[in-house]
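The values are calculated or read from the model by the stated rules, or taken from the named source; none is laboratory data. Predicted model, so just to flag it, every value in this text is computed and none were measured. No Cβ is skipped: glycine too gets one built from the backbone with ideal geometry, and neighbour counts run over all protein chains shown. These area figures cover heavy atoms from the full protein model, side chains too; ligands, DNA and RNA do not enter into them. Shrake-Rupley method; radii C 1.70, N 1.55, O 1.52, S 1.80 Å.
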Amino acid sequence: MACAWGIPRPQLRERAIAELHKYGVADVADSTPDRMSGGQSQRVALVAAIAQDAPLLLVDEPTSNLDEANARRVIATLKRAAEQRVVVVASHDDRMRDAADRVVEFGGRQ
């Protein structure tokens, strides 16, 4: 049985499907990225990372190029994920700042 990230593939798929349901994107479980919207694709990638159950999630610009509704969904997903692990987000999006428990700035604002 093949493994991904140390987890047997059937178990990883089952976990991923459960996470897709939890985060509202289960309808695209069997879709390919070219058949998903940008928002769906970003949320699916995020859910895949969450399904790995890593204690740390590093995310770079998770709301870039998303419409308001999808950005809110991604932010909510990250907030939920942060209840069970450390989530570190690099972003220029002030909505992420408003959702963060802690903000660390690098460099000055211009």
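List of remarks:
- Between segment 1-65 and segment 66-83, the Cα center-to-center distance that results, in Å: 14
- Environment charge at Ala26 (Cβ cut-off 14 Å; Lys +1, Arg +1, Asp -1, Glu -1): +1
- Dipole moment magnitude, nearest 20 debye, the chain about Cα centre, only Lys, Arg, Asp, Glu C-beta charged: 240
- Computed over protein heavy atoms with a 1.4 Å probe, the carbon and sulfur contribution to the accessible area of the chain reaches 51%.
- If the segment from Ser31 to Glu14 were pulled out straight at 0.36 nm per residue, it would be longer than the present Cα-Cα gap by 4.5 nm.
- Arg97/Ala54 FRET efficiency (R0 22 Å; Cβ-Cβ; nearest 0.05): 0.40
- Sparsely packed GluC sites (Glu not before Pro) within segment 7-110, loop by DSSP, other Cβ within 10 Å at most 11: Glu83, Glu105
- Per residue, the accessible area of the chain comes to 67 Å², computed with a 1.4 Å probe over protein heavy atoms only.
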